[in-house]
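The values are calculated or read from the model by the stated rules, or taken from the named source; none is laboratory data. Bear in mind that the values here come from a model prediction, so they are computed numbers and not experimental data. Every residue, glycine as well, gets a Cβ built from its backbone with ideal geometry; the counts of neighbours run over all protein chains shown. Note: accessible area is taken over every heavy atom of the protein model, side chains too, but ligands, DNA and RNA are not part of it. Shrake-Rupley method; radii C 1.70, N 1.55, O 1.52, S 1.80 Å.
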Amino acid sequence: VRLELDDRVLACDSAFQYLDQPLILAYNLEITRQGESIIAEQLWLNTETEVATLSGGVQVRYQSTDVHSDSAIFFLDTDQARFFNRVQWADSTTYVEADEAFVDQENAQTQLRGSIYGETLRKDRFFVSDSMFADTLGTLQLLGRSTIWSFDAEQDTQKPDSVVEGIDSTTIDSTSVEPTTVAPITIDTLILFAQRIDVQETDSSQTLQAT
């Protein structure tokens, strides 16, 4: 089954359109638009209010961002959506798990709530919080019982002194030992606890502020 919905296309295994109500019921569906895809097991669509209620394995892809959840409500006229239960949100640099999420595609903003766990992959950073706000300008805000920690290991590029490792001097003549070199590793660790943590990140710099 294939239905045209203004600038979107609905493809599904089966669909029912109610003649006395502005409702469409669809099963095993995908809604597509240029640069956007919505997949779910079931859809209730109100064609007057343009509100779509989805359930069962909801998967959404938009602007290089992926969102998975058990259910969702889409406001098609404003490009906004709410996701519920076992939410997984990811873009090119960050992966986050939460109980709920609100996505505003037009303003490129995302809010997540409830038992948040996240990974900022590019910086080897991890965080937990009660709620989170993020946008495409590099802003990340954590609110309520927030913790952020990161680990950054770098190998020294300077040539170290020669050392000998793993040699039993009682069995091997020291004159026959070939020395090996081991470059020292510097590990920087950051752990931050606060009720509010603001992270502002660009390609060349990063700022953290906690209150």
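Which is farthest toward the positive dipole end of the stretch 1-134 among Gln59, Leu76, Tyr117, measuring Cα position about the Cα centre, with Cβ charges +1 (Lys, Arg) and -1 (Asp, Glu)?
Tyr117
Pick out, in residue order, every one of the GluC sites (Glu not before Pro) in the stretch 63-138 that is DSSP loop and has at most 16 other C-beta atoms within 10 Å; say none if there are none.
Details: sites: Glu97, Glu100, Glu106, Glu119; in loops: Glu106.
Qualifying residues, ordered by number: Glu106.
Let me make sure I get this right: for the stretch 5-44, a, b and c are the square roots of the gyration tensor eigenvalues over alpha carbons, sorted descending. Under 1.5 in a/c it's rounded, otherwise prolate if a/b > b/c, else oblate. Which is it? Before the final figure, lay out the partial values.
Numbers: a/c = 2.77, a/b = 1.51, b/c = 1.84.
Because a/c hits 1.5 or more and a/b fails to exceed b/c, the stretch 5-44 counts as oblate.
For the stretch 54-130, with every protein chain kept in place, what is the accessible area per residue (1.4 Å probe, Å²)? Don't skip to the end; give the middle numbers.
Numbers: 3590 Å² over 77 residues.
Here the residues of the stretch 54-130 average 47 Å² of exposed surface.
I need the chymotrypsin sites (Phe, Trp or Tyr not before Pro) found in the stretch 1-57, filtered to DSSP loop residues with at most 13 other beta carbons within 10 Å of theirs. Write out the running numbers ahead of the final one.
Details: sites: Phe16, Tyr18, Tyr27, Trp44; in loops: Tyr18.
Sites meeting the loop and neighbour criteria: Tyr18.
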